[in-house]
Amino acid sequence: MGDTTTTLELYTGGSYLEKNPFWHIEESPWKAKQVIRLLNRQRIVPKTICEVGCGAGEVLKQLQQRLTEDCELLGCDISPQAIELCRSRANEKLHFLLGDVTKMPDKLFDLILVLDLIEHLEDSFHSYGTSGNEPTTRSIKCCWTSQCRRFCAPPR
């Protein structure tokens with residue numbers, strides 16, 4: 001029998017970190033720059049941001065350096081190894097949470113980032129398929145799902 005590691009086990013068991021010891025942090029400045037560019041273009045100044053599948057947390061750290069000081073940032077990941085990498089980046093306004101964002105208590109965010117995540121899902125069409133509903137808040141559509149709707153704050 002061959003190795004049948006599930007996608008969940010790949011991230012929770014440490015295999016992903018073994019193959020990617022820096023968890024792609026070298027790409028983070030470019031990603032953060034693109035997010036800032038989109039925010040500026042749309043004149044969005046978020047006060048709260050959640051990144052789903054935050055990895056090592058470097059994108060959020062880069063964003064924090066470019067956003068207003070009062071912006072609260074939360075990174076969520078299912079990988080204990082990724083959250084451990086985030087520890088050095090955490091501060092008073094930048095927090096990280098181990099777990100599935102869809103199972104956390106209701107909290108609203110002005111912006112939800114889903115960057116380079118969908119291709120890591122076992123069933124991306126099911127997990128992030130279209131719901132047929134358009135967002136009721138002003139948002140950047142990196143990825144919009146009915147699961148995310150309950151986490152987005154109403155427009156200010």
In Hz, Karplus ³J(HN,Hα) per residue of region 52-58 (6.51, -1.76, 1.60; θ = phi - 60°; x = Gly, Pro): 8, x, 6, x, 7, x, 6
Show the residues, 5+ positions off or on another chain, whose built amide H is closer than 5 Å to the amide H of L74. I49, C50, E51, H95
Separation between the R41 and H24 pseudo-spin-labels, each 7 Å from Cα along Cα→Cβ, expressed in nm? 2.0 nm
Taking a spot 7 Å from the Cα of E9 along the direction of its beta carbon, which residues of region 70-85 have an amide N less than 20 Å from it? 78-82
With P80 itself left out, Lys, Arg at +1 and Asp, Glu at -1 over residues whose Cβ is under 14 Å from its Cβ give -4
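Give the peptides 94-105, 64-75 in descending order of average Cβ contacts within 10 Å, highest first.
64-75, 94-105
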Neighbour net charge for A90 - beta-carbon separation under 15 angstrom, K R +1, D E -1: -2
Highest mean first, how do 79-86, 10-17 rank when packing is the count of other Cβ atoms within 10 Å averaged over residues? 79-86, 10-17
FRET efficiency for D106 and K33 from the Cβ-Cβ distance with R0 = 41 Å, rounded to 0.05, comes out at 0.85
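Rule-based calculations on the coordinates, nothing more; no lab input. These figures come from a predicted structure and were not determined experimentally. Note that we place each Cβ from the backbone using ideal geometry, even for glycine, and neighbour counts take in every protein chain shown.
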